[in-house]
Every structure is written in structure tokens, then in C-alpha cells.
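Only the coordinates and a few stated rules stand behind these numbers; no lab work does. Since we're looking at a predicted model, the values are computed, not measured. Ideal geometry is used to build each Cβ from the backbone, glycine not excepted, and the neighbour counts take in all protein chains shown.
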Amino acid sequence: MRPTALIADMAGTTIEDGGLVLAAFADALDALGIPEGHAERSAALAFVVETMGQSKIDVFTELFGANRADEANQAFEAAYSARLAMDGAQPIAGVPWLLEELPRRGVAVALTTGFSPSTREALLDALAWQDLIAVAISPADAGRGRPHPDMVLEAARRLGIDDLATVVVAGDTASDMEAGVAAGAGMVVGVLSGTDGAARLEAAGATHILDSLTALPGLLDL
């Protein structure tokens with residue numbers, strides 16, 4: 001396979017998460033008045049782990065219903081932004097080089113995320129990646145979040161790519177894999193730098209498993 005593009009997830013795949021997402025979810029549950037030790041809180045956190053990588057507003061809608069989903073999502077976004085401002089963001093080792101090198105070798109790069117556009121842009125700002133990443137997609141930009149293929153398809157459209165069989169989709173969660181498969185990507189790569197293990201990634205459709213996204217050039221023989 002000679003790839004034309006890499007469409008990769010952000011947190012856990014290109015960016016170190018360090019527990020930031022779960023911490024922000026816990027902050028949001030505090031804001032909603034769901035305290036430590038409450039059964040609803042334990043169930044909510046378990047569901048968040050199970051659905052990691054999916055659209056955050058979809059996750060909150062499933063947990064709390066449409067009426068409270070916006071409130072919960074706003075609390076999460078505020079908590080994530082506050083923690084990001086305090087702790088900063090770190091790329092996974094070697095990824096900045098990869099994101100610069102792949103276009104030099106004829107492979108375009110786009111990023112996708114379950115975060116809102118505002119949080120996504122805050123992350124890119126924190127990493128100083130605004131000039132590095134030309135295409136970054138959130139569910140709000142595409143219609144639906146993972147595991148639906150919409151973000152992958154929109155990223156490919158913005159990159160000017162019609163043949164998804166030439167696209168590599170990469171991520172650290174089962175929902176990333178499911179989205180890549182549903183989009184018809186030629187290669188769906190699971191990475192072990194984030195949430196899910198190899199068995200779950202493979203069960204969700206991963207065609208290849210890598211310890212880190214930085215091993216991709218070797219896999220593609222670029």
C-alpha cells in the first residue's frame with residue numbers, strides 16, 4: 001500500500017493524555033453534583049472509559065439525557081481547558097517529527113478528536129501545532145463522532161482524497177478502529193500509547209498494531 005494520507009486521533013495517539021480526560025470528566029461530575037462514592041458517579045466513569053474516543057457530547061447525552069448533556073459537556077470543556085492551561089500538553093515522543101516528515105514523503109496528515117472545536121484548538125495552541133496541522137476535525141465539523149466514519153470522511157475530503165483505500169487511520173481506542181473500518185480506510189492502525197490494548201483494538205478492526213505512531217514509517221516502508 002502506498003498511502004496518500006494519515007488520519008490520526010489526538011489524545012492518546014499523537015498527544016500524551018496523562019489522565020487529563022478522566023480528570024476533566026471527574027471535575028464535570030463534581031460540577032453536576034454527583035459526588036465521590038455515589039453509584040451514579042462510578043457508573044458514569046466506567047462508561048467514559050468504555051467509550052473513550054467518542055464524541056464527548058454524545059457520551060454525556062447517553063449518560064444524562066439531552067436536557068443535561070450540554071451542561072455536562074460545558075463543565076467538561078471548562079475543566080479540560082483549565083487543566084490544560086495549568087499542566088500544558090505534551091506530544092507523544094517522536095510524533096512532532098513524524099507529523100513534519102510524512103508530508104515530505106508525500107503523505108498528507110489530518111487529526112481527528114472527540115473534543116469540541118474550541119478544545120481542539122486550545123490543544124493545538126498548547127502544542128504550537130497550528131502551523132503544522134492543516135486539517136483537524138471534531139464531530140461538530142463532520143456530523144457525527146466516532147465510531148461513525150464521518151470525521152475520517154470529512155478529513156479525507158478536506159485533504160482532497162477520494163480513494164479511502166489509500167488512507168491510513170490510526171488511533172488508540174476501539175472507536176477509532178471502528179470509524180476507520182466504516183470509512184473504508186486501506187489500513188487501520190491501533191497504537192498502544194493510549195487507552196485500549198491490542199486485543200480490543202484488533203477485535204474492533206485494527207489491521208495492524210504498533211507500540212507508537214512513530215513506528216508507522218517502518219510499517220509503510222516509507
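In terms of the Cα gyration tensor, with a ≥ b ≥ c the square roots of its eigenvalues, is region 144-222 rounded because a/c is under 1.5, prolate because a/b exceeds b/c, or oblate?
Values: a/c = 2.01, a/b = 1.23, b/c = 1.63.
Judged from the Cα gyration tensor, region 144-222 comes out oblate (a/c at least 1.5, b/c at or above a/b).
Let's test the formula: R0 of 41 Å, r as the Cβ-Cβ distance of ASP70 and GLU16. What FRET efficiency results, to the nearest 0.05?
Details: r = 29 Å, r/R0 = 0.70.
Plugging the Cβ-Cβ distance into 1/(1 + (r/R0)^6) gives 0.90.
Given R₀ = 22 Å, what would the calculated FRET efficiency be for ARG144 paired with GLU202, taking r from the Cβ atoms and rounding to 0.05?
Working: r = 24 Å, r/R0 = 1.09.
For R0 = 22 Å, the calculated efficiency reads 0.35.
Using only DSSP helix segments of four residues or longer, with each worth -39500 (n - 2.57), what per-residue ellipticity at 222 nm results for the chain after dividing by its residue count and rounding to 500? The partial results should precede the final answer.
Numbers: 11 runs with 111 residues, N = 222.
When only DSSP H runs of four or more count, the value is -14500 deg cm²/dmol.
How would you classify region 20-87 from its alpha-carbon gyration tensor, with a ≥ b ≥ c the square roots of the eigenvalues: rounded for a/c under 1.5, else prolate if a/b is greater than b/c, otherwise oblate?
Cα axes put region 20-87 in the rounded bin.
Using only the Cα atoms of the chain, build the gyration tensor, take square roots of its eigenvalues as a ≥ b ≥ c, and label the shape rounded, prolate or oblate: rounded if a/c is under 1.5, else prolate if a/b is larger than b/c, else oblate.
prolate
Taking 8 Å as the Cα distance limit and 6 or more residues as the minimum spacing, I'd like the relative contact order of region 20-87 as a percentage.
Numbers: 48 pairs, mean separation 30.5, N = 68.
The normalised contact order for region 20-87 reaches 45 percent.
How far is it, in nm, from the label point at HIS38 to the one at ARG158 when both lie 7 Å from their Cα along the line to the Cβ?
My value for the distance between the label points is 3.6 nm.
Zone of ALA215 (label point 7 Å along Cα→Cβ, backbone N under 12 Å): which residues in region 176-208?
190-193, 198, 208
Taking R0 as 22 Å, what FRET efficiency do you get between LEU192 and PHE47 from their Cβ-Cβ distance, rounded to the nearest 0.05? Let's see the in-between values first.
Working: r = 23 Å, r/R0 = 1.03.
Once the sixth-power term is evaluated, E becomes 0.45.
With +1 on each Lys and Arg Cβ and -1 on each Asp and Glu Cβ, how big is the dipole of region 2-49 about its Cα centre, in debye rounded to the nearest 20? Intermediate results must be reported in sequence, preceding the final value.
On the way: 2 positive and 7 negative charges, 54 e Å.
In total the dipole reaches around 260 debye.
Treating the beta-carbon of each Lys and Arg as +1 and of each Asp and Glu as -1, no other charges, what is the dipole magnitude of the chain about its Cα centre, to the nearest 20 debye?
400
What is the gain in length, in nm to one decimal, between ASP30 and ASP125 on full extension, counting 0.36 nm per residue of separation less the C-alpha to C-alpha distance? Spell out each step's value before the answer.
On the way: separation 95, 0.36 × 95 = 34.20 nm, distance 2.72 nm.
Result: 31.5 nm gained on full extension.
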